[in-house]
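Have a look at the structure below, then the notes.
The values are calculated or read from the model by the stated rules, or taken from the named source; none is laboratory data. Bear in mind the structure is a predicted one, so any value in this text is a computation, not a measurement. Here Cβ is always computed from backbone atoms with ideal geometry, including for glycine, and neighbour counts include all displayed protein chains.
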Amino acid sequence: MDIRGAVDAAVPTNIIAAKAAEVRANKVNWQSYLQGQMISAEDCEFIKKFEIAGSEDKQAILTKEGHQCAKTFLNLMAHISKEQTVQYILTLIDDTLQENHQRVNIFFDYAKKTKNTAWSYFLPMLNRQDLFTVHMKLHGTGAEPGTGTISPSESSQYVQCVAGCLQLMLRVNEYRFAWVEADGVNCITAVLSNKCGFQLQYQMIFCVWLLAFSPQLCEQLRRYNVVPALSDILQESVKEKVTRIILAAFRNLLEKSAERETRQEYALAMIQCKVLKQLENLDQQKYDDEDITDDIKFLLERLGESVQDLSSFDEYSSELKSGRLEWSPVHKSEKFWRENAVRLNEKNYELLKILTRLLEVSDDPQVIAVAAHDVGEYVRHYPRGKRVIEQLGGKQLVMNHMHHEDQLVRYNALLAVQKLMVHNWEYLGKQLQSTEQSTPAVAARS
């Protein structure tokens with residue numbers, strides 16, 4: 001599936017169209033704004049002439065007075081705060097651009113002459129509370145969106161309309177970079193994590209798929225938990241269109257990434273999130289859409305290759321970065337910690353920082369327990385580990401969990417603190433062996 005073949009970005013416009021018709025019917029008394037010195041005589045004269053002009057007359061006005069048109073619209077937006085009037089102005093702009101999309105150039109030309117960007121005039125509209133204003137701003141201009149414009153708690157039709165605008169905008173490469181720069185990926189993952197309906201799921205994942213067409217953005221997307229979010233939805237999805245777009249997004253992440261390390265990291269994240277098992281189940285089904293079959297085959301091959309190259313440290317690293325710690329074999333492997341503890345120092349302690357961060361922010365008792373255990377094993381096997389953990393604030397974070405309501409968390413926090421405090425490792429080894437044999441009793445008393 002490619003961008004040109006994607007035709008599912010339809011925007012549900014019934015509620016927007018009805019509201020726009022209502023806004024158009026409420027004509028604005030521009031003379032009162034002039035008398036109140038809120039707008040200039042020049043802008044008042046132009047807008048009154050423009051709003052009553054027919055289609056042909058309007059085109060003639062724009063051809064002759066394009067600069068004045070842009071100037072008037074932007075002045076009115078800047079100097080009028082009444083929501084109803086702002087809605088009317090934006091609807092008028094949108095109607096003008098919908099008649100001929102090339103008319104957007106009047107705003108670009110005006111911005112260039114005034115040494116600004118066209119977006120700078122419209123971005124403040126995103127901070128307004130009125131959803132119709134936000135939608136009309138995005139729909140009419142195709143401007144760079146900001147964070148916070150998509151909220152699962154708002155009217156679902158408005159949200160889907162804004163999501164549809166985002167789908168259209170992210171087809172343009174430069175807008176993708178602007179969206180990521182504005183931390184828009186966090187906005188997308190927040191929507192997906194809120195158990196939204198399948199249509200909004202599809203639209204948001206469609207946006208991830210579009211972002212992953214840009215190799216440089218594939219690198220940046222590594223900072224976000226995109227793979228876990230999508231794999232959770234894939235596991236529960238009953239809609240073929242949602243399954244298809246998830247598989248396409250996964251394929252882009254593996255295929256478009258320029259760096260081998262990035263491709264490997266995505267593959268490991270998918271393996272960690274049980275995507276391989278899901279693919280094997282999907283492979284048993286029949287699909288009319290050849291894209292699904294092709295993507296399943298591609299992903300099975302790529303992930304299969306990655307499994308062959310997977311080391312125990314790769315497995316551990318991927319699990320840690322996913323934030324979904326489980327009692328997988330590596331955590332309890334003496335051999336693993338003896339050989340790999342020092343590797344947690346790589347890339348300026350990247351993995352250790354993730355580990356301590358999980359101790360601070362996670363509300364999952366299993367994640368906290370495993371993280372506390374791993375901190376203890378790190379300091380036990382790396383001679384200078386205690387000092388590093390203290391510098392990262394990990395010692396205090398572990399101690400905070402010694403009174404956790406979950407007994408397994410308390411137990412692993414207690415063991416980790418013992419490892420952080422003791423100096424005689426041989427003595428500790430005997431003590432730990434004795435303690436672990438009586439885990440239930442220790443856990444019950446702690």
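Restricted to segment 58-102, and to residues there that are small (Gly, Ala, Ser) and not in a loop (DSSP other than H, G, I, E, B), the residue that is farthest from Lys48 (Cα to Cα) is Ala78. In segment 308-318 there is at least one residue matching the filter, namely being part of a loop (DSSP other than H, G, I, E, B), surrounded by fewer than 17 Cβ atoms within 10 Å (Cβ to Cβ) and free of Cβ contacts under 8 Å to residues at least 40 places away in the same chain.
Write out, first by first residue and then by second, each pair whose Cβ atoms fall under 6 Å of each other, whose residues are 6+ apart or on separate chains, and whose first residue, in segment 181-196, is assigned to a helix (DSSP H, G or I) while the second is among the aliphatic types (A, V, I, L, M). Partner pairs satisfying both residue conditions: Cys187/Ile150; Ile188/Met204; Thr189/Ala229; Val191/Ile150; Val191/Met204; Leu192/Met204; Leu192/Ala229. Scanning segment 280-291 for residues that are assigned to a helix (DSSP H, G or I) and either hydroxyl-bearing (Ser, Thr, Tyr) or in contact with a Leu (Cβ under 6 Å, 6 or more places away or on another chain) (or both) yields a count of 0.
Residues in segment 375-399 that are without any contact (Cβ under 8 Å) to a residue 40 or more places away in the chain, closer than 13 Å to Thr356 by Cβ, part of a helix (DSSP H, G or I) and not aliphatic (A, V, I, L, M): 4 in all.
The one condition from (1) at pLDDT below 90; (2) within 26 Å of Lys113 (Cα to Cα); (3) buried (at least 18 other Cβ atoms within 10 Å of the Cβ) that Cys69 does not meet is (1). Screening Gln235 with (1) buried (at least 17 other Cβ atoms within 10 Å of the Cβ); (2) closer than 30 Å to Ser312 by Cβ gives one miss only, at (1). Selection over segment 341-374 of residues that are in a helix (DSSP H, G or I), of a type outside the set (S, T, N, Q) and free of Cβ contacts under 8 Å to residues at least 40 places away in the same chain gives a count of 13.
Test Cys196 against the stated conditions and say whether it is of a type outside the set (S, T, N, Q), in the same structural domain as Ala178 (by TED's automatic domain parsing) and at pLDDT 90 or above. Answer is no for this residue. Number of residues in segment 23-57 that are part of a helix (DSSP H, G or I), in contact with a helix residue (DSSP H, G or I) (Cβ under 9 Å, 6 or more places away or on another chain) and at pLDDT below 90: the value is 3. For segment 325-333, the condition holds for no residue, the condition being that it is within 21 Å of Val185 (Cα to Cα) and assigned to a helix (DSSP H, G or I).
The residue of segment 213-232 that is surrounded by the fewest Cβ atoms within 10 Å (Cβ to Cβ), among those that are under 17 Å from Cys273 (Cβ atoms) and in contact with a Ser or Thr (Cβ under 8 Å, 6 or more places away or on another chain), is Tyr224.
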